[in-house]
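Take a look at the structure below.
What follows draws every value from the coordinates through simple rules; no lab data is involved. Quantities reported herein were computed from a predicted structural model and do not represent experimental measurements. With ideal geometry, Cβ positions are generated from the backbone for all residues, glycine too; neighbour counts draw on all protein chains shown.
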Amino acid sequence: MEHCDCIVIGGGVSGLVSAARLAVEGRSVRVLEASARLGGCIQSWRPEPDFWLELGAHTAYNSYAPLLEVLEDRGRLEDLLLREKVGYRFVDAQGRLQSPLARLNFLEAALSLPFGLFQAKAGRSVAQWFSGLCGQGNYRRLLAPAFAAVLSQSADDFPADWLFRKKPRLKKAPRKFTFTGGLQGLLEALAEGAPFRVQHCACVRAITRAGAGFRVRLDDDELSCAQLVLAVPVDVAVPLLADLYPEVSRRLARFPMAESEAMGVVLAAAKTRLPPLAGLIGVDDAFWSVVTRDPVPHDTWRGYTFHFRPGVLDRAGKLLRIAQVLGANQNDFLHVQEALNRLPALGVEHAVLADEVLALLAREPLALVGNYLNGLSIGDCAWRAAIEAKRLLTLKGVYP
Ligand SMILES: Cc1cc2nc3c(=O)[nH]c(=O)nc-3n(C[C@H](O)[C@H](O)[C@H](O)COP(=O)(O)OP(=O)(O)OC[C@H]3O[C@@H](n4cnc5c(N)ncnc54)[C@H](O)[C@@H]3O)c2cc1C
C-alpha cells in the first residue's frame with residue numbers, strides 16, 4: 001500500500017491551500033479529488049477558447065492572503081486579472097433595473113446607526129445585526145435580497161460575524177480580482193508544478209485507522225498516511241467520520257446544505273439590452289442573483305450566470321426568464337450550461353458547533369477544513385486551511 005505523510009481529500013480551495021502549505025514544509029502530500037476537475041464550488045465554464053464564465057464563485061479579494069501566498073510560491077501572481085469596476089442593480093419582475101441606493105431609506109438608517117454600531121456581532125444572526133444597524137425596513141428591502149444574492153440562499157440566520165470578516169491584505173495583489181481562464185484557473189495554477197500530487201477521479205469511500213495514522217479507501221485502491229486533511233463538503237464528511245470520530249460526525253450531521261441551480265448563457269455582445277454590470281439581485285424572483293462577465297469585458301461575447309432557487313423553474317422556464325431579463329431572444333444564446341451548486345446553510349448555532357468540533361480535533365492528526373467552519377468565502381476557506389496546516393505541522397507525537 002502506498003504511504004504518504006499527508007493525504008488531502010478534496011481538491012477545492014480548502015484542499016489545495018492545505019496541500020500547498022504542508023508540502024512546502026517538506027511533507028509528502030497527495031490530494032484525492034473525486035471529480036476530473038479541480039475547484040469544487042469554483043467552477044469556470046470555458047465555452048470558447050478565450051471566453052469563460054463563472055458558474056460558481058466569481059470574485060476574490062487581496063484579503064485572501066493565504067491563497068495568494070501559495071499562488072506566489074508557484075510564481076503566478078502576475079496571472080491575476082483586475083476586475084473592472086461595474087456596479088450591481090436590483091431587477092424587478094418586469095425586468096426594470098434599480099440602483100441599491102434607491103432602496104435605502106436614509107432617515108431610517110440614520111436613526112438606527114448610532115445604536116446599531118454598539119451591538120455585539122458574535123451570537124447574532126445577519127438579520128438581527130443588520131436590522132439593528134440600518135433598520136428593519138432597510139434590511140428587508142435592501143440587505144436581505146443583496147446578502148441572499150451573495151450566498152445563493154437566504155442569509156437571515158447566518159452568523160453575523162461570519163460575513164465580511166476583515167483580514168490583512170496582500171497589497172501587491174489587486175484588491176478585487178479573478179484569474180486568466182477564470183477563478184478555476186487560479187486553483188489549477190496552484191497544482192501545476194506543485195510539490196504535491198493530485199489524483200483526479202479519486203472518490204474516497206472510507207477512512208479507517210492504521211496505527212497512529214489512517215488508511216484511505218478508494219474504489220480500486222488503498223493508501224495510508226500519518227495525517228489527514230478532510231476538505232470535502234460537510235455532508236460528505238459526516239459518513240466518512242462516522243466510525244472514526246463519532247462525536248465529530250454527530251455534530252457535523254446538524255449542518256444542513258442549501259442548493260441553487262446555475263444556468264450560464266453566452267451571447268453576442270450586441271444582443272442584450274443590459275448595460276455593463278457586475279451582477280443583478282433578484283427580488284422575490286425565481287433567481288437569487290445573476291453574475292456577469294462584464295468585470296472582465298470581452299469584445300465579442302457577453303455571459304450571464306443566473307443562480308436560480310432550487311425546484312422553481314424547469315429548463316425551458318429558466319431560458320424564458322433569462323431571455324426576459326436580458327431583453328434577448330432565446331435563439332441568440334450561443335452556449336448554455338447548467339450546474340448544481342451546494343453550500344452549507346448556516347445559522348448562529350453552527351458557529352458554536354464548529355468550535356466544539358475544532359476543539360475535539362485539537363490534538364488529532366486529522367484536520368477539518370472547508371466552508372462550514374468559519375465562513376463561506378474563498379478567503380475564509382484559505383485562512384482555515386492555513387491555520388490547520390500549521391497545527392498539523394507542529395503536532396507533537398506524529399513527527400519527530
Ligand atoms: C454560487 C456560488 C458563488 C460563490 N461566490 C463566491 C465569491 O464570489 N467569492 C467567494 O469568496 N466565495 C464564493 N463562494 C463560496 C466559495 O466558493 C466556497 O465556499 C469555497 O470555494 C468552498 O471551497 P472548499 O474547498 O471548502 O469546498 P468545495 O469547493 O466544495 O470542494 C470540495 C471538493 O471535494 C471533492 N469531494 C467531495 N467528495 C469527495 C470524496 N468522497 N473524495 C474525494 N473528493 C471529494 C469535491 O469534488 C470538491 O472538489 C461561492 C459559492 C457558490 C456555490
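Quick check for me: using +1 on Lys/Arg Cβ and -1 on Asp/Glu Cβ, what's the dipole size of the chain about its Cα centre, in debye to the nearest 20?
980 debye
If you add up the charges near Ala286, with Lys and Arg at +1 and Asp and Glu at -1, over every other residue whose beta carbon is less than 12 angstrom from its beta carbon, what do you get?
With Lys, Arg at +1 and Asp, Glu at -1, the net is -1.
Note the angle between two axes, namely the Cα long axis of helix 378-393 and the longest principal axis of the Cα atoms of the chain, as a number of degrees from 0 to 90, rounded to the nearest 10.
10 degrees
What FRET efficiency comes out for Glu2 versus Glu259 if R0 is 30 angstrom and r is the Cβ-Cβ distance? Round to the nearest 0.05.
With R0 = 30 Å, the Cβ-Cβ based efficiency is 0.25.
Just name one of Tyr61, Gly40, Phe179: the one whose Cα is farthest towards the positive end of the charge dipole of the chain (beta-carbon charges, Lys/Arg +1, Asp/Glu -1).
Sorting the options by dipole projection puts first Tyr61.
Starting from the 7 Å offset along Cα-to-Cβ, what nm value, one decimal, do you get for the label separation of Gln330 and Arg209?
So the label points at Gln330 and Arg209 sit 5.8 nm apart.
Charges only on Cβ, +1 for Lys and Arg, -1 for Asp and Glu: so what's the dipole of the range 1-130 about the Cα centre, in debye to the nearest 20?
So the magnitude is around 540 debye.
About its Cα centre, how strong a charge dipole does the range 73-228 have in debye, to the nearest 20, once Lys and Arg get +1 and Asp and Glu get -1 at the Cβ?
660 debye
Can you return the lysines within cross-link range of Lys121? Criterion is Cα-Cα under 24 Å, with same-chain partners fewer than 8 residues away left out.
Partners found: Lys166, Lys167.
Tell me, what HN-Hα J-couplings in whole Hz come from the Karplus equation 6.51 cos²θ - 1.76 cosθ + 1.60 at θ = phi - 60° for each residue of the range 314-319, using x for Gly and Pro?
7, 4, 5, x, 5, 4
Mind sorting Cys6, Cys41 by how few other Cβ atoms lie within 10 Å of their own Cβ, fewest first?
Cys41, Cys6
Sum -39500 (n - 2.57) across every DSSP H segment of at least 4 residues in the chain, then divide by the residue count to get the 222 nm mean residue ellipticity, nearest 500.
My calculation for the chain gives -8500 deg cm²/dmol from helical runs alone.
Given H placed on each backbone N at 1.01 Å, which residues far from Leu80 in sequence or on other chains put an amide H within less than 5 Å of it?
HN-HN under 5 Å from Leu80: empty list.
Once phi is turned into θ = phi - 60°, what whole-Hz ³J(HN,Hα) does the Karplus curve with 6.51, -1.76 and 1.60 give for every residue of the range 185-202, x standing for Gly and Pro?
x, 5, 5, 5, 5, 5, 8, 6, x, 7, x, 10, 9, 10, 10, 7, 6, 10
Using a Gaussian network model of the chain whose springs link C-alpha atoms within less than 10 Å, name the residue from Phe164, Phe90, Phe51 with the highest mean-square fluctuation.
Phe164
Hey, if you put +1 on the Cβ of every Lys and Arg and -1 on every Asp and Glu Cβ in the chain, which of Pro49, Ser112, Phe333 ends up farthest toward the positive end of that dipole?
Of the candidates, Ser112 comes out farthest on the positive side.
Starting with the fewest neighbours, write out Val8, Val352 ranked by other beta-carbon atoms found within 10 Å of each beta-carbon.
Going from sparsest to densest Cβ surroundings: Val352, Val8.
Give me Met263, Met1 ranked fewest to most by other Cβ atoms within 10 Å of their Cβ, as a rough exposure proxy.
Numbers: Met263 23, Met1 9.
Result, fewest neighbours first: Met1, Met263.
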